[in-house]
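Step one of this worksheet: look at the structure below.
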Amino acid sequence: MAANNRRMSGKKGAQVGSGGQRRKGLEGRGPTPPAEMRKGHKKNRIATAKAKQAARRPVARGRGGKSASELVVGRNPVVEALREGVPASTLYVQQFIDNDERVREALQLAAERGGINLMEAPRPELDRMTNGLNHQGLVLQVPPYEYAHPEDLLDAAADEGEDPLVVALDGVTDPRNLGAVVRSVSAFGGHGVVVPERRSAGMTAGAWKTSAGTAARTPVARATNLTRTLEAYKKAGVTVVGLAADGEVELGDLEALEGPVVIVVGSEGKGLSRLVGETCDFRVRIPMPGGAESLNAGVAAGIVLYEAASRRS
(Lines give C-alpha, C1' and ligand atoms only; values in the text may rest on other atoms or scores of the structure.)
Protein backbone atom coordinates (compact mmCIF):
# COMPACT_ATOMS: atom_id res chain seq x y z
CA MET A 1 0.00 0.00 0.00
CA ALA A 2 2.89 2.30 0.81
CA ALA A 3 4.30 1.66 -2.63
CA ASN A 4 0.87 2.46 -4.11
CA ASN A 5 0.77 5.76 -2.26
CA ARG A 6 4.17 6.75 -3.61
CA ARG A 7 3.06 6.02 -7.17
CA MET A 8 -0.05 8.17 -6.71
CA SER A 9 1.84 11.07 -5.04
CA GLY A 10 1.69 14.46 -6.72
CA LYS A 11 5.44 15.03 -6.22
CA LYS A 12 7.57 15.06 -9.36
CA GLY A 13 10.80 13.13 -9.25
CA ALA A 14 13.49 12.29 -11.78
CA GLN A 15 12.07 10.11 -14.53
CA VAL A 16 13.59 6.72 -15.09
CA GLY A 17 15.45 6.62 -18.37
CA SER A 18 15.62 10.39 -18.82
CA GLY A 19 19.24 10.12 -19.96
CA GLY A 20 20.27 13.01 -17.73
CA GLN A 21 18.32 15.59 -19.72
CA ARG A 22 17.69 17.62 -16.58
CA ARG A 23 21.41 17.77 -15.85
CA LYS A 24 22.13 18.98 -19.39
CA GLY A 25 19.60 21.74 -18.93
CA LEU A 26 21.60 23.01 -15.97
CA GLU A 27 24.92 23.14 -17.85
CA GLY A 28 26.44 26.57 -18.51
CA ARG A 29 26.26 28.29 -21.87
CA GLY A 30 29.67 29.92 -21.84
CA PRO A 31 30.81 33.23 -20.35
CA THR A 32 28.31 36.05 -20.03
CA PRO A 33 28.69 38.52 -22.93
CA PRO A 34 30.05 41.98 -22.05
CA ALA A 35 27.45 44.48 -20.90
CA GLU A 36 27.89 46.44 -24.15
CA MET A 37 26.62 43.39 -26.08
CA ARG A 38 23.53 42.68 -23.95
CA LYS A 39 20.36 44.22 -25.34
CA GLY A 40 18.52 46.43 -22.88
CA HIS A 41 21.60 47.00 -20.74
CA LYS A 42 22.51 50.63 -20.04
CA LYS A 43 26.05 50.18 -21.42
CA ASN A 44 24.62 48.69 -24.63
CA ARG A 45 22.43 51.75 -25.15
CA ILE A 46 25.36 54.09 -24.47
CA ALA A 47 27.66 52.22 -26.88
CA THR A 48 25.00 52.26 -29.59
CA ALA A 49 24.44 56.00 -29.18
CA LYS A 50 28.19 56.72 -29.30
CA ALA A 51 28.65 54.67 -32.47
CA LYS A 52 25.79 56.50 -34.19
CA GLN A 53 27.20 59.88 -33.16
CA ALA A 54 30.65 58.90 -34.45
CA ALA A 55 29.16 57.88 -37.80
CA ARG A 56 27.43 61.26 -38.18
CA ARG A 57 30.31 63.40 -36.92
CA PRO A 58 32.31 65.17 -39.67
CA VAL A 59 36.01 64.32 -39.83
CA ALA A 60 38.23 67.12 -38.56
CA ARG A 61 41.44 67.52 -40.54
CA GLY A 62 44.80 67.96 -38.86
CA ARG A 63 47.84 69.73 -40.32
CA GLY A 64 48.69 66.69 -42.37
CA GLY A 65 45.11 65.59 -42.97
CA LYS A 66 43.42 62.31 -42.18
CA SER A 67 42.96 59.09 -44.08
CA ALA A 68 39.60 57.41 -44.53
CA SER A 69 38.41 54.94 -41.90
CA GLU A 70 39.09 51.28 -42.67
CA LEU A 71 37.36 47.97 -41.98
CA VAL A 72 39.22 44.82 -40.94
CA VAL A 73 37.07 41.86 -41.97
CA GLY A 74 37.04 38.22 -40.78
CA ARG A 75 37.69 36.42 -37.51
CA ASN A 76 41.45 35.82 -37.83
CA PRO A 77 42.29 39.31 -39.22
CA VAL A 78 40.20 40.99 -36.50
CA VAL A 79 41.83 39.01 -33.69
CA GLU A 80 45.33 39.64 -35.10
CA ALA A 81 44.63 43.37 -35.44
CA LEU A 82 43.45 43.57 -31.82
CA ARG A 83 46.47 41.57 -30.62
CA GLU A 84 48.87 43.91 -32.43
CA GLY A 85 47.29 47.04 -30.98
CA VAL A 86 45.87 48.38 -34.24
CA PRO A 87 43.71 51.40 -33.33
CA ALA A 88 40.00 50.58 -33.40
CA SER A 89 36.81 52.49 -32.72
CA THR A 90 34.09 49.83 -33.09
CA LEU A 91 33.88 46.04 -33.11
CA TYR A 92 30.80 44.82 -34.98
CA VAL A 93 29.55 41.34 -34.04
CA GLN A 94 26.90 39.48 -35.99
CA GLN A 95 23.69 38.62 -34.16
CA PHE A 96 23.36 34.94 -33.18
CA ILE A 97 26.99 34.33 -34.16
CA ASP A 98 28.59 30.93 -33.57
CA ASN A 99 30.61 31.78 -30.47
CA ASP A 100 33.99 30.09 -31.10
CA GLU A 101 37.38 30.82 -29.51
CA ARG A 102 38.25 33.61 -31.96
CA VAL A 103 34.99 35.44 -31.31
CA ARG A 104 35.48 35.15 -27.56
CA GLU A 105 39.09 36.38 -27.83
CA ALA A 106 38.06 39.34 -29.98
CA LEU A 107 35.43 40.37 -27.43
CA GLN A 108 37.87 39.93 -24.56
CA LEU A 109 40.65 41.94 -26.24
CA ALA A 110 38.25 44.75 -27.15
CA ALA A 111 36.88 44.87 -23.60
CA GLU A 112 40.36 44.83 -22.03
CA ARG A 113 41.65 47.65 -24.20
CA GLY A 114 38.68 49.93 -23.54
CA GLY A 115 37.46 52.72 -25.76
CA ILE A 116 36.16 50.30 -28.40
CA ASN A 117 32.41 50.30 -28.98
CA LEU A 118 30.85 46.83 -29.18
CA MET A 119 27.96 46.72 -31.64
CA GLU A 120 25.67 43.80 -32.47
CA ALA A 121 24.40 43.87 -36.06
CA PRO A 122 22.34 41.54 -38.28
CA ARG A 123 24.20 39.71 -41.03
CA PRO A 124 22.63 41.77 -43.90
CA GLU A 125 23.97 44.95 -42.30
CA LEU A 126 27.51 43.51 -42.07
CA ASP A 127 27.22 42.28 -45.66
CA ARG A 128 26.33 45.83 -46.73
CA MET A 129 29.17 47.38 -44.71
CA THR A 130 31.77 45.03 -46.19
CA ASN A 131 30.39 44.96 -49.75
CA GLY A 132 29.69 41.26 -49.48
CA LEU A 133 33.11 40.15 -48.19
CA ASN A 134 33.35 37.00 -46.08
CA HIS A 135 33.32 38.76 -42.71
CA GLN A 136 32.52 35.59 -40.68
CA GLY A 137 30.49 37.72 -38.31
CA LEU A 138 33.32 40.02 -37.13
CA VAL A 139 34.16 43.49 -38.48
CA LEU A 140 36.60 45.91 -36.85
CA GLN A 141 36.47 49.62 -37.71
CA VAL A 142 39.86 51.34 -37.75
CA PRO A 143 39.55 55.13 -37.31
CA PRO A 144 41.16 57.58 -39.74
CA TYR A 145 44.90 58.04 -39.21
CA GLU A 146 45.88 61.64 -38.45
CA TYR A 147 49.00 62.47 -40.41
CA ALA A 148 51.60 64.95 -39.25
CA HIS A 149 52.82 67.82 -41.43
CA PRO A 150 56.39 67.42 -42.80
CA GLU A 151 57.47 70.51 -40.82
CA ASP A 152 56.36 68.80 -37.61
CA LEU A 153 59.19 66.26 -37.95
CA LEU A 154 61.83 69.01 -38.02
CA ASP A 155 60.14 70.71 -35.06
CA ALA A 156 60.22 67.43 -33.09
CA ALA A 157 63.98 67.10 -33.70
CA ALA A 158 64.54 70.70 -32.63
CA ASP A 159 62.52 70.16 -29.44
CA GLU A 160 64.82 67.25 -28.56
CA GLY A 161 67.96 69.21 -29.44
CA GLU A 162 68.90 66.72 -32.17
CA ASP A 163 69.70 66.86 -35.87
CA PRO A 164 66.70 65.68 -37.90
CA LEU A 165 66.78 62.07 -39.10
CA VAL A 166 63.83 61.46 -41.40
CA VAL A 167 62.92 58.87 -44.04
CA ALA A 168 60.86 59.82 -47.11
CA LEU A 169 59.25 57.18 -49.32
CA ASP A 170 58.94 57.75 -53.07
CA GLY A 171 56.52 55.43 -54.86
CA VAL A 172 56.37 52.77 -52.12
CA THR A 173 52.86 51.32 -52.33
CA ASP A 174 53.02 48.29 -50.01
CA PRO A 175 51.69 49.17 -46.52
CA ARG A 176 53.89 46.45 -45.02
CA ASN A 177 56.98 48.25 -46.30
CA LEU A 178 55.72 51.48 -44.74
CA GLY A 179 55.17 49.68 -41.44
CA ALA A 180 58.68 48.18 -41.59
CA VAL A 181 60.20 51.61 -42.24
CA VAL A 182 58.28 53.12 -39.32
CA ARG A 183 59.62 50.34 -37.11
CA SER A 184 63.22 50.97 -38.24
CA VAL A 185 62.91 54.74 -37.76
CA SER A 186 61.70 54.14 -34.23
CA ALA A 187 64.46 51.61 -33.50
CA PHE A 188 67.30 53.91 -34.64
CA GLY A 189 66.09 57.17 -33.11
CA GLY A 190 64.62 58.79 -36.21
CA HIS A 191 62.04 61.55 -36.08
CA GLY A 192 59.45 60.32 -38.55
CA VAL A 193 58.49 59.22 -42.05
CA VAL A 194 57.19 61.27 -44.98
CA VAL A 195 54.91 59.77 -47.63
CA PRO A 196 53.34 61.43 -50.69
CA GLU A 197 49.62 62.05 -50.62
CA ARG A 198 49.09 60.13 -53.88
CA ARG A 199 50.34 56.83 -55.28
CA SER A 200 51.80 55.80 -51.96
CA ALA A 201 51.11 53.40 -49.12
CA GLY A 202 49.22 54.89 -46.19
CA MET A 203 48.87 54.02 -42.53
CA THR A 204 46.42 51.15 -42.94
CA ALA A 205 45.80 48.31 -40.49
CA GLY A 206 48.47 46.32 -42.36
CA ALA A 207 51.04 49.07 -41.85
CA TRP A 208 50.13 49.31 -38.16
CA LYS A 209 50.59 45.56 -37.70
CA THR A 210 54.00 45.52 -39.43
CA SER A 211 55.18 48.45 -37.34
CA ALA A 212 54.67 46.25 -34.25
CA GLY A 213 53.14 49.11 -32.30
CA THR A 214 55.88 51.66 -33.03
CA ALA A 215 53.47 53.70 -35.20
CA ALA A 216 51.93 54.91 -31.95
CA ARG A 217 55.08 56.92 -31.16
CA THR A 218 56.66 57.54 -34.59
CA PRO A 219 54.82 60.17 -36.67
CA VAL A 220 54.06 59.71 -40.35
CA ALA A 221 53.70 62.94 -42.30
CA ARG A 222 51.91 63.30 -45.62
CA ALA A 223 53.25 65.61 -48.32
CA THR A 224 51.05 67.08 -51.04
CA ASN A 225 54.11 67.19 -53.31
CA LEU A 226 57.18 65.21 -52.24
CA THR A 227 59.62 67.17 -54.44
CA ARG A 228 58.54 70.51 -52.98
CA THR A 229 58.73 69.06 -49.47
CA LEU A 230 62.31 67.91 -50.06
CA GLU A 231 63.21 71.35 -51.42
CA ALA A 232 61.73 72.93 -48.28
CA TYR A 233 63.84 70.55 -46.15
CA LYS A 234 66.95 71.63 -48.06
CA LYS A 235 66.18 75.30 -47.39
CA ALA A 236 65.91 74.41 -43.70
CA GLY A 237 69.47 73.03 -43.79
CA VAL A 238 68.65 69.33 -44.13
CA THR A 239 70.71 67.21 -46.55
CA VAL A 240 68.59 65.09 -48.91
CA VAL A 241 70.09 61.65 -49.56
CA GLY A 242 68.50 59.39 -52.17
CA LEU A 243 69.16 55.65 -52.31
CA ALA A 244 69.93 54.34 -55.79
CA ALA A 245 71.58 51.18 -57.08
CA ASP A 246 73.75 53.31 -59.40
CA GLY A 247 74.43 56.06 -56.86
CA GLU A 248 77.65 58.04 -57.15
CA VAL A 249 78.54 57.74 -53.46
CA GLU A 250 78.93 54.55 -51.44
CA LEU A 251 77.09 54.49 -48.11
CA GLY A 252 80.24 54.11 -46.00
CA ASP A 253 81.76 57.25 -47.52
CA LEU A 254 78.77 59.53 -46.88
CA GLU A 255 79.69 62.01 -44.14
CA ALA A 256 76.32 63.79 -44.42
CA LEU A 257 74.71 61.08 -42.26
CA GLU A 258 76.35 62.69 -39.23
CA GLY A 259 74.20 65.82 -39.56
CA PRO A 260 70.58 66.71 -40.37
CA VAL A 261 69.45 64.36 -43.11
CA VAL A 262 66.39 62.99 -44.87
CA ILE A 263 66.85 59.58 -46.48
CA VAL A 264 64.73 59.05 -49.61
CA VAL A 265 63.83 55.46 -50.51
CA GLY A 266 62.24 54.60 -53.84
CA SER A 267 60.19 51.61 -54.91
CA GLU A 268 61.88 48.25 -55.30
CA GLY A 269 61.13 48.05 -59.01
CA LYS A 270 61.46 51.64 -60.28
CA GLY A 271 63.66 53.27 -57.67
CA LEU A 272 63.54 57.06 -57.29
CA SER A 273 61.35 59.08 -59.63
CA ARG A 274 63.19 61.50 -61.93
CA LEU A 275 62.23 64.75 -60.17
CA VAL A 276 62.92 63.35 -56.71
CA GLY A 277 66.27 61.98 -57.85
CA GLU A 278 67.26 65.37 -59.27
CA THR A 279 66.31 67.06 -55.98
CA CYS A 280 68.65 64.89 -53.88
CA ASP A 281 71.98 66.32 -52.75
CA PHE A 282 73.55 62.85 -52.92
CA ARG A 283 72.56 59.61 -54.63
CA VAL A 284 73.93 56.80 -52.49
CA ARG A 285 74.38 53.12 -53.18
CA ILE A 286 74.44 50.31 -50.62
CA PRO A 287 77.28 47.85 -51.38
CA MET A 288 75.91 44.35 -51.91
CA PRO A 289 78.68 41.75 -52.32
CA GLY A 290 76.07 39.05 -52.82
CA GLY A 291 75.01 40.59 -56.13
CA ALA A 292 71.36 41.36 -55.37
CA GLU A 293 69.91 43.92 -57.75
CA SER A 294 67.83 45.78 -55.16
CA LEU A 295 66.47 45.71 -51.63
CA ASN A 296 62.91 46.38 -50.52
CA ALA A 297 62.22 49.72 -48.88
CA GLY A 298 62.09 48.39 -45.32
CA VAL A 299 65.48 46.64 -45.53
CA ALA A 300 67.21 49.50 -47.37
CA ALA A 301 65.95 52.10 -44.90
CA GLY A 302 67.01 49.95 -41.96
CA ILE A 303 70.59 49.65 -43.27
CA VAL A 304 71.02 53.39 -43.79
CA LEU A 305 69.36 54.26 -40.47
CA TYR A 306 71.73 51.90 -38.66
CA GLU A 307 74.69 53.58 -40.36
CA ALA A 308 73.38 57.03 -39.39
CA ALA A 309 72.74 55.98 -35.78
CA SER A 310 76.27 54.54 -35.55
CA ARG A 311 77.80 57.80 -36.75
CA ARG A 312 75.79 59.85 -34.25
CA SER A 313 76.42 57.72 -31.17
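The values are calculated or read from the model by the stated rules, or taken from the named source; none is laboratory data. The shown structure was predicted, so the numbers you read here are calculated from the model rather than taken from an experiment. Neighbour counts run over all protein chains shown; Cβ positions are idealised from the backbone, glycine included. The area values use the complete protein model at the heavy-atom level, side chains included, leaving out ligands, DNA and RNA. Shrake-Rupley method; radii C 1.70, N 1.55, O 1.52, S 1.80 Å.
Take the residues in the range 284-313 that are farther than 20 Å from residue 171 by Cβ and in a helix (DSSP H, G or I), then tell me which one is most open to solvent (accessible area, probe 1.4 Å).
306
Of 261, 265, 240, 249, all but one fail to be surrounded by 15 or more Cβ atoms within 10 Å (Cβ to Cβ), touching a Lys or Arg at 6+ places or on another chain (Cβ under 8 Å) and at pLDDT 95 or above; the exception is 240. Considering the range 159-182 alone, what residues qualify as being closer than 18 Å to residue 146 by Cα and open to solvent by 10 Å² or more (accessible area, probe 1.4 Å)? Residue satisfying the conditions is 175 alone. Looking only at residues in the range 268-283 that are over 15 Å from residue 294 (Cα atoms) and of a type in the set (A, V, I, L, M, F, W, C), the one that is surrounded by the fewest Cβ atoms within 10 Å (Cβ to Cβ) is 275. Scanning the range 192-202 for residues that are at pLDDT 95 or above and surrounded by fewer than 20 Cβ atoms within 10 Å (Cβ to Cβ) turns up nothing.
Could you pull out every one of the strands (runs of 3 or more DSSP E) wholly within the range 193-282 that has 2 or more residues that are under 27 Å from residue 142 (Cα atoms)? In the range 193-282, the matching strands (runs of 3 or more DSSP E) lie at 220-223. If you check residue 254 against the conditions, is it modelled with pLDDT of 95 or more and surrounded by 15 or more Cβ atoms within 10 Å (Cβ to Cβ)? Answer is no for this residue.
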